[in-house]
Amino acid sequence: MDKIYLIVLNWNRWKDTIECLQSIYANDYNNYQVIVVDNNSSDNSIEYIKEWSEGKLKEFKLDKPIYYKEFIIRKDDKQLEYIEKNTDKTKGNNESNPLILIQTRENLGYAGGNNIGIKYIMENEPNAYGLVLNNDTIIPKNFISNVIDILLRNSGKNISVMGFPAYKYDNPEEAEVIYVKENILKGPEKVTSIPKKFKGELIKCKSVGGHAMLITPSSPIKLIPEHYFLYYEESDFCNQIINNNGNIYVSLNTPVYHKHSGTVGLDSPIQLYYAGRNLLYYMKLYRNGVLFLLFLILKTSKTILNVMKYLLKRDLLHAKALIRAYVDFFLGRRGKQWI
């Protein structure tokens, strides 16, 4: 039975993370293991998650305790070391595949945090699948077994990364994203409906949503680019895989349910800043001079209008986020930059 790891990144949203974990542990597949990477939360997230795994958190019911191991990381320019900090003394029903809790001790962003989990898999079980799953998602009971079945039945397609449609958590009939396509002048765009004439279970595509992204052992690229910090890193990742002869597919029959922007907030200043800045970096990397110039003119015009709207509302923080995205792009500032 093929082994699969699920990587769940947490930052100050322990309730969402626990709800996600409960949906995972309700699954009907046996050979899986969960890694929770905590991106230096300030809300005591790890302690709440440990309480939940021990069955001591009244807000979330748990039939049986979940055995866990806790690690912190020591990171420098040359190595990444996982140091075991604590092992749960209360044995659960998953002793052979304990819940792995990893504290980063700094906020590494989406890619950096998930890469901690991916590197753990590469060091311990390099032949296992790794599924990056947003903590503001939940999965159906048969999700993992269906995913493994699809992978085995389509082994001849040489799948590197497989994505999954996201339907809205509060409106499960409405698709948030099926897969991601490339618009030559706008960049990555969400596709929210399945082509009418398509009858298969897999669509080959350019990119998938970062809410749920499975990386196979045969993928030519396994680590997500970290210089974005937040937004567009999954599209860059998929481009790198395709450029190294890998294949990207979306599995239509295995959806997840997504709360959307539970971590940073929809249309928050943080989201506007990172999405705006990183789209500029992404397009500069993947468009030639003329196309990038046309994109820049269109995007700048739209941004100026949005800045004016925020200023008229006296919303200085959102206006600042949009302006700062451009300033930091032209100054070459990457990674974590707070507005």
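Condition check ((1) in a loop (DSSP other than H, G, I, E, B); (2) touching a Leu at 6+ places or on another chain (Cβ under 7 Å); (3) buried (at least 19 other Cβ atoms within 10 Å of the Cβ)) across all residues:
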site	(1), (2), (3)
MET162	no, yes, yes
GLU176	no, no, yes
LYS181	no, no, no
LYS190	no, no, no
LYS196	yes, no, no
GLY200	yes, no, no
GLY209	yes, no, yes
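Of everything listed in (1) at pLDDT 85 or above; (2) surrounded by 11 or more Cβ atoms within 10 Å (Cβ to Cβ); (3) under 24 Å from the mean Cα position of the chain (by Cα), the single unmet condition for ILE73 is (1). Among the residues making up the stretch 17-47, those that are surrounded by fewer than 21 Cβ atoms within 10 Å (Cβ to Cβ) and charged (D, E, K, R) are GLU19, ASP28, ASP43, GLU47.
Table: residues versus (1) out of contact with any Phe, Trp or Tyr (no Cβ under 9 Å at 6 or more places or on another chain); (2) surrounded by 12 or more Cβ atoms within 10 Å (Cβ to Cβ); (3) not assigned by TED's automatic domain parsing to the domain that holds ASP16.
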| site | (1), (2), (3) |
| --- | --- |
| TYR249 | no, yes, no |
| LEU252 | no, yes, no |
| LEU293 | yes, no, yes |
| ILE323 | yes, yes, yes |
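Tallying residues that are farther than 30 Å from LEU293 by Cα and hydrophobic (A, V, I, L, M, F, W, C) within the stretch 161-197 yields 6. Note on the stretch 308-321: among residues that are more than 28 Å from PRO225 (Cα to Cα) and among the basic types (Lys, Arg), the one that is surrounded by the most Cβ atoms within 10 Å (Cβ to Cβ) is LYS309.
Scan the stretch 254-290 for residues that are of a type outside the set (Lys, Arg), within 17 Å of TYR232 (Cβ to Cβ), surrounded by fewer than 15 Cβ atoms within 10 Å (Cβ to Cβ) and modelled with pLDDT of 95 or more and the total you get is 1. Evaluated against (1) over 26 Å from PHE330 (Cβ atoms); (2) surrounded by fewer than 17 Cβ atoms within 10 Å (Cβ to Cβ), SER301 falls short on exactly one condition, (1). Does the stretch 239-249 contain at least one residue that is of a type in the set (Ser, Thr, Tyr) and part of a helix (DSSP H, G or I)? No, that holds for no residue. Residues in the stretch 2-15 that are surrounded by fewer than 22 Cβ atoms within 10 Å (Cβ to Cβ) and free of Cβ contacts under 8 Å to residues at least 60 places away in the same chain: LYS15 alone.
Contact annotation: residue pairs with Cβ atoms under 7 Å, 6 or more positions apart or on different chains, pairing a residue in the stretch 186-200 that is under 19 Å from GLU173 (Cα atoms) and outside the structural domain of LYS284 (by TED's automatic domain parsing) with a partner that is surrounded by fewer than 14 Cβ atoms within 10 Å (Cβ to Cβ) and of a type outside the set (Gly, Ala, Ser), are VAL191/LYS181. Candidates are the residues of the stretch 108-130 that are under 17 Å from GLU81 (Cα atoms) and not in a helix (DSSP H, G or I); the one that is modelled with the lowest pLDDT is LEU108. Screening TRP338 with (1) outside any helix (DSSP H, G or I); (2) of a type in the set (Phe, Trp, Tyr); (3) surrounded by 17 or more Cβ atoms within 10 Å (Cβ to Cβ) gives one miss only, at (3).
The values are calculated or read from the model by the stated rules, or taken from the named source; none is laboratory data. In this text the structure is predicted, and so the values were computed from the model without any measurement. For neighbour counting, all protein chains shown are included, and Cβ atoms are generated from backbone atoms with ideal geometry for every residue, glycine included.
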